[in-house]
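Q: Below is the structure I would like to discuss, written out as structure tokens.
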Amino acid sequence: MDVPTLKGAAMRVLQILTNKGSEIFAITPEASVAELVRTLADRKVGALLVRTPKGQIAGIVSERDIVRALGSRETILHDPVSSIMTTDVVTVSHDADVSDLMRLMTDQRVRHVPVVDEGNELVGVVSIGDVVKNRMDELEAERSALMDYITQGG
Ligand code: AMP
């Protein structure tokens, strides 16, 4: 009787994108914080990539930046996104292991990471929620395989 394989090849970041889709929600640096808030709410996401009208990455901006800015001045709604965004964007390769992405998110304290391909082209964005969902699905598949093994002998 074969013992079930509980852990196959390490899961890659690309697999998460394949499951969730590669749509990228973005805003321009010149847009107002009010527009940013509206877009975050409409899209039901916690962060947006900041891209120039030509498509270049100018930064990333999350709910946390809004909260932090509000803490120092209450009238930020008319300010530009560029005044609160993070310009030093941490990215991950689509080829990286999901475990490396989890470590990156923990070490850098970021919950959103743009994904790039081998040509450094942007191919999507993964959030910590996507990573957790992916891990839950993996655990469920492992549990199912174990149950089959126990109840049906593999
Ligand atoms: P988050 O945990 O993603 O809501 O973001 C926390 C802080 O990190 C905010 O200041 C974001 O602008 C910043 N941030 C989020 N994602 C990234 C990223 N991939 N690279 C650099 N900074 C980021």
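Q: Longest exposed-loop-site-free stretch of the chain, with GluC sites (Glu not before Pro), DSSP loop and at most 12 other Cβ within 10 Å?
A: 24-73
Q: Could I ask something else about it? With a 1.4 Å probe and all protein chains left in place, how much accessible area per residue does the chain have, in Å²?
A: In whole numbers, the chain has 64 Å² accessible per residue.
Q: Out of the total accessible area of the range 70-154 (probe 1.4 Å, heavy atoms of protein only), what percent is carbon and sulfur?
A: 52
Q: Quick check: the angle from helix 128-152's long axis to the longest principal axis of the chain, C-alpha only, nearest 10 degrees?
A: Approximately 10 degrees, to the nearest 10.
Q: Ordering 136, 85, 105, 147 by how much accessible area each has at a 1.4 Å probe, largest first, what is the list? Numbers along the way, then the final one.
A: Details: 136 120, 85 35, 105 10, 147 85 Å².
Ranked list, largest accessible area first: 136, 147, 85, 105.
Q: Next question. Can you give the % of DSSP beta bridges in the chain that are antiparallel, to the nearest 5?
A: Antiparallel: roughly 75 percent of the beta bridges in the chain.
The values are calculated or read from the model by the stated rules, or taken from the named source; none is laboratory data. Bear in mind that the values here come from a model prediction, so they are computed numbers and not experimental data. So basically every Cβ, Gly included, is an ideal-geometry build from the backbone, and we count neighbours across all protein chains shown. All accessible areas refer to the heavy atoms of the entire protein, side chains included, with ligands and DNA or RNA removed. Shrake-Rupley method; radii C 1.70, N 1.55, O 1.52, S 1.80 Å.
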